[in-house]
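Each reported figure results from applying straightforward, stated rules to the coordinates on display, with no laboratory input. Predicted model, so just to flag it, every value in this text is computed and none were measured. Don't worry about glycine lacking a Cβ; one is built from the backbone with ideal geometry, like all the others, and counts go over all protein chains shown.
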């Protein structure tokens, strides 16, 4: 059913918090996502012409890099982009078959590849480019928030996190319940001023981005301390200094 | 947005078919088109052939055409599903109209024709709403998109009915309607193009990344060195530099020329009127194909804000 579930008070809103201050743009999240998910819930993630010019494929995670601001105030920011598991996901409501749905219990947005007709309308409806058509299977693919990891009781508890979060060497990605104001991710969002992408679209993303920290303002260049007269050991130089200082 | 040929052909042909069905159902009870069964049957069969050809073409757009029946289930939330339901529902009165016409049941034929006309209008309205409901594409959110789909279907349908009427020597009413709808369509498309040219973007690279607090945002490194589905589907830019010329082609071939030909056909009568009206209908359909292609090619999607300006 592509009508959105009624939001239950206190319901879980699982999602990611991405720290643009610490992301180093290494693409490890994108690669580990691809590695896990090509045999995961929405497998496979096909590649076309993988070993030739024009190689392209389905990825759930794309890492951009931007420059913002000018001159000394300018910053280089690495920017991972994936599904934001919105609270008002038009990708779900436009789906004519019910293949696209938002889970009531945790807010994860998923696609049922058994009933998807591959019309592509959900990809048009997503402002963020979170959905990519698997042109091999003729069905839409998207981030599952590693639903097959986070609830997977056959792997150690510490690993029950999305692949992108686990692999990030800079700890720039955090996973948790953004519906719980006391969760670690919610506190992080409060403390660091986490924000929504394109809030003017009204999709109300669950995932939040943490802005780059303000750079420390550089003061005046340090003054070289001039040696005092009594610090000059050589008597001849001490006399020259005294003459020149007159 | 990429103008998928299957969708361009679908909305043009089905639009014309539904327009023809609409005018047939509406004008026949009013006695404004030839009232005999062979004329109505010919018009009905042409309408159903165009609608069906268009719908079959739309299936070619799907990754899984065999599952298309599933698209009838989510009419509560999805305009695409509503379009499918309306299209299937319209086949019922339109299909029953055929035996009613052949058996000469005038009352039933009038009622079924009006029901089919309502179904045709509802289907085209849903088609327009599919586009108008997509927030990320500002050119499709424009308030003239839905009126445009309805008006251009009415125009092309009236042009087809005028052609059929001219062959019977009695196409004055649909000719006049096609001229009026064509003139209105001409004005609407000009207003629409002026509107989308002047409208500000719905989002910016600054709001898309949230980095506007630092300053102007420029792309530095792309996330992938080759293209991908998003750029091919949403970042379509081919021939956009010809847009101004294609707009003129659409206006001239799709609207101005058919109107002029129908104005000549109106007093002409006989074989000359039939030839002129046929040419007018063919030009209208060709012009609408160009117009529909532009509808896609000129539409921009917010996902391209994440990519360099050359992709937008």
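Taking other C-beta atoms within 10 angstrom as a stand-in for reagent exposure, A:116, A:26 fall in the order A:26, A:116, fewest first. Sorting B:168-178, A:93-103, A:122-132, B:63-73 by average packing, meaning the other beta carbons within 10 Å per residue, from highest down gives A:122-132, A:93-103, B:168-178, B:63-73. The angle between the Cα long axis of helix A:28-37 and the longest principal axis of the Cα atoms of chain A comes to about 20 degrees, rounded to the nearest 10. Output the 0 to 90 degree angle, nearest 10, between the alpha-carbon long axis of helix B:79-102 and the longest principal axis computed from the alpha carbons of chain B. Compared with the principal axis, the helix lies near 10 degrees. Simple spin-label estimate for residue B:242 and residue A:51 gives 3.9 nm between the two label positions (7 Å along the Cα-to-Cβ direction from each Cα). Taking 0.36 nm per residue of separation and subtracting the current Cα-Cα distance, fully stretching the chain between residue A:3 and residue A:225 would add 72.8 nm.
Please list, by residue number, everything in segment B:231-263 whose backbone N is under 15 Å from a paramagnetic label point 7 Å out along Cα→Cβ of residue B:275. Correct set: B:261-262.
Put a dot 7 Å past the Cα of residue B:69, heading toward its Cβ, do the same for residue A:31, and the two dots end up 4.7 nm apart. Using only the Cα atoms of segment A:14-210, each taken as one equal point scatterer with no solvent, compute I(q) by the Debye sum, divide by I(0), and report log10 of the ratio at q = 0.09, 0.17, 0.19 Å⁻¹. Normalising to I(0) and taking log10 leaves -0.34, -1.23, -1.51. Other protein chain C-beta atoms within 10 Å of residue C-beta, averaged over A:89-101: 6.
What is the order of B:310, B:14, fewest Cβ neighbours within 10 Å to most?
Final ranking by Cβ density, sparse to dense: B:310, B:14.
Between residue A:245 and residue A:217, the FRET efficiency from the beta-carbon distance, with R0 = 51 Å, is close to 0.90. Highest mean packing comes first when the peptides A:189-195, B:23-29 are listed by Cβ atoms within 10 Å, giving B:23-29, A:189-195. Averaged over peptide A:138-150, the number of partner chain Cβ atoms lying within 10 Å of each residue's Cβ comes to 1.
Rounded to the nearest 500, the 222 nm mean residue ellipticity of chain B from helices alone is -22500 deg cm²/dmol, with -39,500 (n - 2.57) taken per DSSP H run of at least 4 residues.
Taken over the alpha carbons of chain B as equal point scatterers, the Debye sum produces base-10 log I(q)/I(0) values at 0.08, 0.09, 0.12 Å⁻¹ of -0.40, -0.50, -0.82. Relative contact order, percent, of segment A:14-210 when contacts are C-alpha pairs under 8 Å separated by at least 6 residues? Relative CO of segment A:14-210 lands at 29 percent.
Packing, taken as the mean count of other beta carbons within 10 Å per residue, orders the peptides B:35-46, B:114-125, B:195-206 from highest to lowest as B:114-125, B:35-46, B:195-206. Between segment B:226-244 and segment B:38-95, how far is it from one alpha carbon centroid to the other, in angstrom? Between the Cα centre of segment B:226-244 and that of segment B:38-95, the gap is 29 Å.
Could you tell me the center-to-center distance, by alpha carbons, between segment A:22-84 and segment A:114-147 in angstrom? Between the Cα centres of segment A:22-84 and segment A:114-147 lies a distance of 17 Å. Label zone (residue B:216, point 7 Å along Cα-to-C-beta; backbone nitrogen cut-off 15 Å) within segment A:48-83: A:67-75. Pairwise alpha-carbon distances in segment B:62-173 exceed 24 Å for 40% of all pairs.
A viscosity of 0.692 mPa s and a temperature of 37 °C, combined with the Kirkwood radius over Cα pairs in Stokes-Einstein, give a translational diffusion coefficient for the protein assembly as shown of 123 µm²/s. Once both labels are positioned 7 Å from their Cα atoms along Cα-to-Cβ, the gap between residue A:155 and residue B:60 label points is 4.3 nm. Helix B:145-167 axis versus longest C-alpha principal axis of chain B: approximately 30°, rounded to the nearest ten.
In this calculation the C-beta distance from residue B:36 to residue B:105 is compared with R0 = 25 Å, giving a FRET efficiency of 0.95.
Taken residue by residue and averaged, Cβ atoms of other chains lying within 10 Å of the Cβ of A:60-71 number 6.
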